[in-house]
Each structure stands twice: as structure tokens, then as C-alpha cells.
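S.K.: Before we start, here is the structure in question, set down as C-alpha cells.
Nothing in this text is a laboratory measurement; each read-out follows from the coordinates by a stated rule. Quick caveat, the model's predicted, so the values are computed rather than measured. Because the Cβ atoms are built from the backbone with ideal geometry, glycine has one as well, and the counts that use them run over all protein chains shown.
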Amino acid sequence: MTVFTPTILLCAGGTGGHLFPAESLAHALRARGIRVALATDARVDSIASEFPASEVITIASATPSGRSPLKRANAVLTLGRGFGVAAKEIRRINPAAIVGFGGYPTVPPVLAGQILRVPTILHEQNAVMGRANAFLARGARTIATGFKVVRGVPDKAKAPRIHTGNPLRPAVIEAAKVAYPAFGDGDVLRLLVFGGSQGARVMGEVVPEALARLPDALRARLHLVQQVRPEDLTAVQNRYLAMGLAGIEAAPFFKDLPARMAASHLVVGRSGASTVSELAAIGRPAILVPLPGSLDQDQAANAATLDAIGAALAVKQSDFTPDRLAAELTACFATPAKLTAAADAARSAGIHDAAERLAEVVVKTAART
């Protein structure tokens with residue numbers, strides 16, 4: 001007798017912010033005996049073999065934004081071609097449900113699924129709904145959210161909203177087991193600085209100058225781990241060596257970032273949805289500098305969720321100066337009890353079983369057909 005195994009089609013663009021939660025959901029669904037397929041764009045080709053899916057479908061996509069009418073028109077044409085490919089693949093796969101994680105690469109397959117009357121679930125990682133998800137929200141059966149309150153959901157979106165949290169990578173779940181490292185007078189102070197592809201530059205410009213302004217005794221206690229753009233790496237390392245900072249690890253990328261986050265007393269970084277969710281799950285205090293210039297201001301909204309409960313300090317990039325950062329670092333490390341309280345506050349907002357919660361939403365939505 002042939003046993004029917006349902007397939008769930010996950011749709012996520014090739015950036016970590018969308019792909020990581022999709023990967024976590026894939027693990028949770030496969031643990032339930034459910035087959036998983038992934039629809040994505042060409043950016044994920046290099047790591048497709050690592051994604052826990054039975055098959056990976058590459059669908060052409062583009063972002064219809066910018067000032068050039070020609071580029072916008074070409075993007076729309078690309079999305080149209082992607083829609084045709086997606087519709088054909090969905091008929092072949094016959095998924096029980098489709099889950100979209102935002103970003104324009106999800107528009108062709110999710111929209112095709114909606115037109116073909118396949119139940120679709122949207123997962124919004126940020127505290128402000130992105131434009132792709134907002135475009136697709138009207139046709140969704142269920143909207144799952146990473147944050148309890150999400151702004152920007154269209155009025156015409158009538159689907160029930162369920163707060164699941166943002167699914168976390170296994171490395172984050174493991175790092176969350178590490179208690180906040182206590183410290184006292186004279187102990188090493190562990191500072192982690194990262195900014196992602198769009199944030200490492202400002203960190204490379206501001207953080208070295210801020211550390212140069214610290215009292216000598218405080219700077220001598222620092223152990224710094226910092227993400228630095230490849231083109232800035234030598235200059236940043238030389239700046240730290242010139243000021244006598246002995247404990248430093250600088251690199252363009254850290255594969256074990258969750259473990260390094262867990263080892264830190266304080267984190268300085270951007271406030272993407274994954275970063276904020278991981279800080280909460282692991283329970284680490286932070287100084288967050290939202291990426292400016294975004295029309296949706298999603299990172300500002302994300303940072304505000306931790307700032308409001310005393311788990312982080314949100315600082316606008318225009319205010320993120322060497323003098324301001326030096327003052328904040330001095331104040332933070334002078335009051336260990338305050339940092340410990342901030343770590344506890346962050347941990348109180350963490351959701352460790354978000355992948356299982358979302359898997360349950362997907363299964364129930366698929367079963368309602």
C-alpha cells in the first residue's frame with residue numbers, strides 16, 4: 001500500500017533573514033514526516049544542498065523598486081516569467097500548503113499558489129510587514145508573525161494572525177542554554193560587534209574611534225569580536241593594535257555567531273528580525289543601531305521591542321557617534337547589575353519553540369482545505 005506523504009512548499013529569498021526561519025521550519029516539518037520543497041531565487045544556489053528540502057526550485061525574481069522606469073518594468077517582466085514557472089511547478093508538486101517568508105522572490109510562487117487555490121501561510125519576521133507580504137496578505141489563509149504586534153498589515157487582509165515568533169536555527173537554540181557570563185572588577189569584558197552586509201561599514205568607522213575614547217583601564221579589560229568588511233579589515237586591525245587593544249578577533253564573517261553572542265557581555269549591532277529574535281532567545285543585552293533609509297523602518301520597530309522592556313538601547317545611526325558609543329559602553333560596563341538585568345529582560349522575550357509553533361500553524365491550515 002502506498003503511503004501518502006504531504007508536501008509543504010516553502011518560499012524564501014536567498015538572504016539569511018528569510019532563509020534561516022524557513023530552514024528552521026523545514027526541520028520541524030520533516031520531524032513530523034512531512035516532505036518539504038523550497039522555492040527560492042538564484043542567490044541560494046550555492047547553499048541549496050545544505051537546506052533540508054527534498055528538492056529546491058529556482059524561480060526568477062526581481063525587485064520592482066528604484067527610480068528607473070526601465071528597471072522597474074524589467075523587474076515586473078521577470079516576476080511575470082517567475083510566476084509562469086512557479087505555476088507549472090506547483091501543479092507538478094501539488095503541495096498541501098505554501099509558506100511564504102517575505103521578500104520579492106516569494107511573490108511568484110505564493111501568488112501562483114493563491115490563484116491555484118493552494119492554502120498559503122505568510123510568515124512576517126519583522127515588526128512592520130514588508131511590501132511583498134503586504135501585497136500577498138489579502139490572499140493568505142493565515143498570517144504568522146515573529147513579533148506580537150506587527151504594523152503595516154493591509155486592512156483588506158482578513159486572515160487570522162497568529163504570533164509564533166521567529167523560528168531559530170539549531171545553533172541559536174544551543175547557544176540559548178548558556179547562562180549570562182557574570183563579571184566583576186578587573187574581569188575581562190566581552191564585546192561583540194556585527195552589522196551584517198549593510199552595517200559592518202558604520203561599525204568599522206565608529207567602534208574603533210569609540211574604543212580609543214575609553215579610559216585606559218576599561219579598554220585594557222576588553223576582549224572584542226568584530227565583524228569587519230574585507231576591504232576595511234587591515235585598517236581596523238591596525239587601528240586597534242595602535243591603541244594597544246590586545247584581545248581582538250576581527251573577520252568579515254563568523255560562522256559561529258550564536259556561540260559568540262552567548263559568550264558576550266554586550267552586543268552592538270543592527271536590528272534585523274533574526275538578530276533581535278536571537279538576542280532575545282539567548283538573552284544578551286545590546287546597543288542596537290537600526291538600518292536607516294528604509295521606507296518601512298522595520299529595523300527601528302524591531303529594536304523598539306527590546307528597548308521598551310529594558311533589554312537593549314536603540315540608537316539612531318545619526319546619533320551613533322564615537323563619543324556617544326564611548327559614553328554608553330563606559331556606563332554599561334560600570335554597572336554589571338544593569339547589564340545582567342537587561343540580559344534577563346531580553347531572555348523573557350525569547351521564543352525558543354517558534355519553529356514548532358509555526359509548523360503547527362502550517363499543518364492546521366493545510367488540514368482546513
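S.K.: Mind checking the angle between helix 336-348 and the chain's longest principal axis? C-alpha axes, 0 to 90 degrees, to the nearest 10.
M.R.: It is inclined by approximately 10 degrees.
S.K.: What are the equivalent ellipsoid semi-axes of region 291-336, built from the alpha-carbon gyration tensor (square roots of five times its eigenvalues), in whole angstrom, biggest first?
M.R.: Equivalent ellipsoid of region 291-336: 22, 15, 4 Å, largest first.
S.K.: Now a separate question. For the cross-link pairs LYS158/LYS364; LYS148/LYS177; LYS71/LYS158; LYS177/LYS255; LYS316/LYS338; LYS148/LYS364, which exceed 29 Å when the distance is taken from alpha carbon to alpha carbon?
M.R.: Exceeds cut-off: LYS71/LYS158.
S.K.: Rounded to a whole number, what is D in µm²/s for the chain from Stokes-Einstein with the Kirkwood radius over alpha-carbon pairs (4 °C, 1.567 mPa s)? Could you put the intermediate results ahead of the total?
M.R.: Values: Rh = 21.5 Å.
The Stokes-Einstein estimate is 60 µm²/s.
S.K.: Which one of ALA220, ALA26, ALA112 has the biggest mean-square fluctuation once the chain is modelled by GNM with Cα springs under 10 Å?
M.R.: Most flexible of the set in this elastic network: ALA220.
S.K.: Before anything else, pin down the relative contact order of region 173-348: Cα pairs under 8 Å, at least 6 apart, normalised by residue count, whole percent.
M.R.: Relative contact order for region 173-348 comes out at 26 percent.
S.K.: Under a GNM of the chain (C-alpha, springs under 10 Å), which listed residue has the highest mean-square fluctuation: GLU356, GLU89, GLU50?
M.R.: Greatest mean-square fluctuation among the candidates belongs to GLU50.
S.K.: Counting Lys and Arg as +1 and Asp and Glu as -1, each charge on the Cβ, what is the dipole of region 215-281 about the Cα centre in debye, to the nearest 20?
M.R.: 80
S.K.: Here is a further query. Tell me, what HN-Hα J-couplings in whole Hz come from the Karplus equation 6.51 cos²θ - 1.76 cosθ + 1.60 at θ = phi - 60° for each residue of region 135-146, using x for Gly and Pro?
M.R.: These are the phi-based 3J(HN,Hα) values: 5, 8, 4, 4, x, 7, 7, 9, 10, 9, 10, x Hz.
S.K.: For the chain, what is the relative contact order in percent, using Cα pairs closer than 8 Å and at least 6 residues apart in sequence?
M.R.: Working: 762 pairs, mean separation 57.6, N = 369.
So the answer I get is 16 percent.
S.K.: Could you give the angle, 0 to 90 degrees to the nearest 10, between helix 16-31's Cα long axis and the longest principal axis of the Cα atoms of the chain?
M.R.: Between the helix axis and the principal axis of the chain, the angle is about 60 degrees.
S.K.: Give, as a single signed number, the net charge of other residues whose beta carbon lies under 15 Å from the beta carbon of ASP187, with Lys and Arg counted +1 and Asp and Glu -1.
M.R.: Cβ neighbours under 15 Å give a net charge of +2.
S.K.: Roughly what angle does helix 69-93 make with the longest principal axis of the chain, taking Cα atoms, 0 to 90 degrees, to the nearest 10?
M.R.: With both axes taken from Cα atoms, the answer is about 60 degrees.
S.K.: Let me ask something additional. GNM on the chain, C-alpha springs below 10 Å: top fluctuator among TYR240, TYR104, TYR180?
M.R.: Residue with maximal mean-square fluctuation among TYR240, TYR104, TYR180: TYR240.
S.K.: Please compute the net charge surrounding ALA175, taking Lys and Arg as +1 and Asp and Glu as -1 over other residues with Cβ under 15 Å from its Cβ.
M.R.: +4
S.K.: Between THR335 and VAL202, what's the calculated FRET efficiency when r is the beta-carbon distance and R0 is 22 Å? Round to 0.05.
M.R.: Once the sixth-power term is evaluated, E becomes 0.25.
S.K.: Could you grab the relative contact order for region 107-242? Cα pairs under 8 Å, six or more apart, rounded to a whole percent. Can you show the working numbers first?
M.R.: Values: 157 pairs, mean separation 22.1, N = 136.
Over region 107-242, the number comes to 16 percent.
S.K.: Right, another one. 222 nm [θ] for the chain, helices only, -39500 (n - 2.57) per DSSP H run of 4+, per residue, to 500? Before the final figure, lay out the partial values.
M.R.: Working: 14 runs with 156 residues, N = 369.
So the helix-based figure for the chain works out to -13000 deg cm²/dmol.
S.K.: What's the local net charge at VAL236, with K and R +1, D and E -1, over the other residues with C-beta under 14 Å away?
M.R.: Values: positive: ARG201, ARG229, ARG239; negative: GLU205, GLU209, GLU231, ASP232, GLU249.
It works out to a net charge of -2.
S.K.: Another one. Please give, to one decimal in nm, the separation of the simple spin-label points placed at ARG229 and LYS88, each 7 Å out from Cα toward the Cβ.
M.R.: 4.0
S.K.: Follow-up. Once amide H atoms are placed 1.01 Å from N in the peptide plane, what residues at a sequence separation of 5 or more from LEU10, or on another chain, have their amide H within under 5 Å of its amide H?
M.R.: ALA37, LEU38, ALA39, VAL99
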